[in-house]
1. Apply the Karplus curve 6.51 cos²θ - 1.76 cosθ + 1.60, θ = phi - 60°, to the phi angles in segment 153-160 and return the couplings in whole Hz, x for Gly and Pro.
2. With the dipole of the chain worked out from charges on the C-beta (+1 for Lys and Arg, -1 for Asp and Glu) around the Cα centre, which of Leu146, Gln79, Pro193 lies farthest toward the positive end?
3. Per residue of segment 125-142, in order, report the coupling 6.51 cos²θ - 1.76 cosθ + 1.60 (Karplus, θ = phi - 60°) as ³J(HN,Hα) in whole Hz, putting x for Gly and Pro.
4. Cut-off under 25 Å on the C-alpha distance; same-chain residues fewer than 8 positions from Lys85 excluded. Which lysines are left, in chain and number order?
5. Would you please name the trypsin sites (Lys or Arg not before Pro) within segment 59-114 that are DSSP coil residues with at most 12 other C-beta atoms within 10 Å of their C-beta?
6. What percent does the relative contact order of the chain come to when contacts are Cα pairs within less than 8 Å and at least six residues apart?
7. Once amide H atoms are built 1.01 Å from N in the peptide plane, which residues 5 or more positions from Val234, or in another chain, come under 5 Å H to H?
Amino acid sequence: MLSWLFPATCELCGESAEQSVCPACLARLQRIPAPICLHCGAPTAGQQTDPGLCENCAGQPRVFSLARQALRQTEEAMQLIYSFKYHRGIHLARPLACLLNELWEQTPHLRERRDWVLVPVPVTPGKLFARGYNQAGELARQLARLRHLRVQELLLRRETGVLSQTRLTATARRLNALRAYRCKRPLLRWRKPAYPAHIVLVDDVFTTGSTARACATQLRKLPGVREVAVLCLVRIGT
């Protein structure tokens, strides 16, 4: 009855749809074209055999094994991101997670393992209180349902006095991110916690990679963690 009284419509085209983004609009969203950097996922001019050749990776510590992003920065992609993050668009988590699942299927390194554990990038307590949810956490939970994986929230986000990284320079982003993230302490200190060996860090956007590197650096410090990969919805700047 609720569906009849309040029929679902597509966030982009406004037409009736079973999900909050219709299949046609999902298909029209611009994916990142090949070839891409083997390390950070950035589009490259030609075939690449050494991830160090990508200018985005030059001089950066390789604390994650790979990073992949589903979509280019287009008006439609950013409309979905803004609705999802800033306009209580939690209903968008499912179709957006479908895009991450599509990307997963296209990434052989992710497909070949079945013991991945999803770890969402956290938000500050203030943002969590204001929004009522962590958008990366919602993405991770929906992706976990699609792939039958586990989600573990292993990270915390400190208040650093910077409201958002979006207006910072690349250097400022890196320094702020290094101060912002840390791993959660185990609830029972006398009991040795079991950490996953292979982690996929989940977030909504990837700009300079500062957040991904800072989070991966912290996760790699945990005993037993062997690998951290990164999966994001939109790559900013492409």
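Values in this text are rule-based calculations from the coordinates and carry no lab data. Fair warning: this is a prediction, and the values are worked out from it, not measured in the lab. Ideal geometry is used to build each Cβ from the backbone, glycine not excepted, and the neighbour counts take in all protein chains shown.
1. Values per residue, Gly and Pro as x: 8, 9, 10, 10, 10, 6, 7, 10 Hz.
2. Comparing the listed Cα positions along the dipole, Pro193 ranks first.
3. x, x, 5, 5, 5, 5, 7, x, 6, 9, 4, 5, x, 5, 4, 4, 5, 5
4. Lys127, Lys184
5. Details: sites: Arg62, Arg68, Arg72, Lys85, Arg88, Arg111, Arg113, Arg114; in loops: Arg62, Arg88, Arg113, Arg114.
Sparse-neighbourhood loop trypsin sites (Lys or Arg not before Pro): Arg88, Arg113, Arg114.
6. Dividing the mean separation by the residue count of the chain yields 22 percent.
7. Counting only residues 5 or more places away or on other chains, the set is Ala70, Leu71, Val205, Phe206.
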